[in-house]
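Below is one structure, written out as structure tokens, with a few remarks after it.
Taken together, the values in this text are just the output of simple stated rules run on the coordinates, not laboratory data. This is a predicted model, so every value here is computed, not measured. Cβ placement follows ideal geometry from the backbone for every residue including glycine, while neighbour counts extend to all protein chains displayed.
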Amino acid sequence: MIKEYVERGGPVERNGKKLVFGINRHRGWQIVKECAERAGLPKLVNPETGRVHSVSPHKLRDAFSIMAVKRNDSGDGLRMLQEHLGHHSIVTTMKYRKVAGEEHREWYDKLWNGDKS
């Protein structure tokens with residue numbers, strides 16, 4: 001697929017900027033929002049603030065990052081996620097380790113009750 005992409009000309013240059021897919025950031029956001037609406041995805045509600053958000057590229061990035069950390073929160077997993085996201089500092093990546101109340105309670109119960117599951 002990459003070879004085909006390059007053969008067709010690769011990135012498009014507009015106003016001195018190279019656009020990988022020939023669209024700007026705003027159009028990319030619109031496409032994600034339209035696809036989410038067509039797929040019937042619900043609005044996203046922040047559990048801490050109650051604020052309602054539309055699906056967006058940023059929210060998808062956050063959701064991917066949180067899922068990745070839940071699957072592998074080892075030092076190596078966080079380092080690979082840091083590289084994938086392009087973060088200069090691991091501290092930025094570490095924000096995705098924030099644990100929800102129920103997960104914290106489960107962790108605490110396992111720690112003190114000796115549950116190894």
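The mean sequence separation of alpha-carbon pairs under 8 Å and at least six residues apart, normalised by the residue count of the stretch 60-112, gives a relative contact order of 32 percent. Note on the stretch 1-108: dipole from Cβ charges, positive end direction compared against I66, N15, W107; the farthest Cα belongs to N15. In terms of its C-alpha gyration tensor, the stretch 44-108 has an oblate overall shape, because the principal axis ratio a/c (a ≥ b ≥ c, square roots of the eigenvalues) is not below 1.5 and a/b does not outweigh b/c.
In terms of distances greater than 25 angstrom between alpha carbons, the cross-link table entries K59/K110; K59/K95; K18/K95; K43/K70; K43/K95; K18/K43 yield K59/K110; K18/K95; K18/K43.
From the Cα gyration tensor of the chain, with a ≥ b ≥ c the square roots of its eigenvalues, which class applies: rounded if a/c is under 1.5, or else prolate if a/b is larger than b/c, or else oblate? Prolate. When each of the peptides 15-26, 87-98 is scored by the mean number of other C-beta atoms lying within 10 Å of its residues, the order from highest to lowest reads 87-98, 15-26. Remark: relative contact order (the chain) = 12 percent; criterion is Cα-Cα distance under 8 angstrom and separation of 6 or more residues.
Per-peptide packing, taken as the mean over residues of other Cβ atoms within 10 Å, places 75-86, 45-56 in the sequence 75-86, 45-56 from highest down. Taking the Cα centre of the chain as reference, the dipole from Cβ charges on Lys and Arg (+1) and Asp and Glu (-1) amounts to some 480 debye.
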